Structures are given as structure tokens and as C-alpha cells.
Amino acid sequence: MQTAIAPSTTPVPGQYWQWRGHNVYYVQTGEKQPQRPPLLLVHGFGASTDHWRKNLTGLCVDFQVFAIDLLGFGRSAKPKLQYSGNLWRDQLRDFISEVIGEKTVVAGNSLGGYACLCVSAEYPDIVAGVVLLNSAGPFSEPEAIQAQIQAPQNPVQQLLGKTVKWTFKQRLFQALLFQYVRQRWVIRRTLEKVYLDKTAITDQLVAEIQRPAYDQGALDVFVSVFSTPQGEKVDILLKRLTCPLLLLWGEADPWMKTRERSQKFHQYYPQLTEYFLTAGHCPHDEAPEQVNPILRDWVFSIS
């Protein structure tokens, strides 16, 4: 492998693109490469283009690199919509078609990984490859497991279940919960749970995650993401996928059983490439010195 460029923590200045009447923020760096596809980086829940600052500066020597704020996040607009994988899939499709203008390697973390998988499976003509970093998204459960989940409950359990569901639907509760989770100390504590290297949790990172949570409409986005039905199952998407797939797992992720998810990906897409990294849920930010060279060399290999 070549020597990786030291990643910078200075955010790359961005610009806006109009999509369906809404402002969508994106950043672009690096020169167009005739022999290599451009890269599009997609953040996870609650994050933004800022979360890719170490990768934008580390990869722009070899690629034209874009990062985008999904509608509802970062500096993008936060209209009152039903937020779902389908919405973000269409946003990425149109961005690649209208702004980038050529087949692109898409790379996404967590929720952004699921959005990347959606666009890659449904629109293969515009995607040159897909990179999933601790990607979210549900797999279909075997019938036996579904039967256990749907096992009859006693009346007390049913009542408690209905009470919890009712509580989560109340606007006052939603507002109080959102007010709690967007506090700086709560954000820092959450990051400390999901980052292996605590030195990567800087005041800058916490501020970048907190800032968009105070934008107008942020509460409605928060509520919609947690109340919208889950999208297409990951195994169904993998059955439709035709492009090269790279999986990067931060193995110390407490939110995901990475080895178990890895086995499921192998089951439905055995020709994938995969690396397990010494990191948590956000390996691109926590360990860019691991992620950037692997991603770069893999794109070289498929170009």
C-alpha cells in the first residue's frame, strides 16, 4: 500500500444543490480522474459531511470526492416529510445523475450505508461500487424467529406495550426526549460508548453533531426516522446487487454484532471483499489511517 496522507480535521467548504425544492448541502474536493470513478461519501444518523473531513482530505489526492448531507441532516433542509431509505435512495440517485454525472463509488456509514445499498441495488447503471462501513438495515428473519417475536403476550405485557407505544407518539414526550439527546454531554457520552479510541472524540466532533439538532425541523426529522416503517430488507437488496462490494467493520461496535452481520452479508453476496478494523461504529472518523488506504486500493482494483 502507498503511504496515506495525514487526514485534516478542517472541514471542506461546501455548496447547495436544489432537490425537490429543498436545499441539499454537499462538499466536493479533488480533481476528476479519467481512469477512476469519483467517490460519494454518505454519513450516518445524526452526522453530516463534517464526519468525513478526515477522508475527504485523505482521498482527494487520488479521486474526485463528494460528500452529501442527507435531507433532514447536517446543513441540508429539514422539511416535514416521511424520512425513509426510499427518500434517501432517490436523493443519492438524482445527485449522482445531476451533479456528479458519471458512475460513482458510493460509501456509507450506518444509516448512510443502508441508503448507499438501496441506490446501488436499484440503480446499478450509476454505481461503480459500494462500500459499507458498519452499515445499518434489517435482514429478513427466519420464520421460526418471527414466530418467537410474535408469540402471544399476557394482558399485562400487552398493556405495557401499548402504553409505551402511546407514550412515544405524544408530542411532548418526543420533544423532551429530543431535547435530552441533543445536549452536548449526552452526545459525548454516546460517542464514548461507540468509539474505541476515545481521543478521537473531540470538542469539534461533538459540536458538529450537536449543531444541526438545533435547526428548524430537526425534531420532526427525529420523530419521523423512528416512526417510519423499515425499508427493504438488506438480503433482498443484496440479491439485486451487481456491483463490487467492500465491507469495512469497526469490530468494537457495541451497537452491532459485526461478525454475525458479516456472515449474513456473505450468505447473500459471497463475492464481497471485507476487512475488520480496530475501531467502533464510525471507523472512517475514528481510524482514517486504516480506512483511507483500504478504500483507495480497493477502488484502484475495481477501476
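For the reader, a short list of remarks on this structure follows.
- Here I209 clears all of (1) farther than 23 Å from G129 by Cα; (2) surrounded by 15 or more Cβ atoms within 10 Å (Cβ to Cβ); (3) modelled with pLDDT under 95 except the condition numbered (3).
- Qualifying position, being more than 18 Å from V291 (Cβ to Cβ), surrounded by 24 or more Cβ atoms within 10 Å (Cβ to Cβ) and in contact with a helix residue (DSSP H, G or I) (Cβ under 8 Å, 6 or more places away or on another chain), among V105, V127: V127
The values are calculated or read from the model by the stated rules, or taken from the named source; none is laboratory data. Quick caveat, the model's predicted, so the values are computed rather than measured. Glycine also receives a Cβ, built like all others from the backbone with ideal geometry; neighbour counts cover every protein chain displayed.
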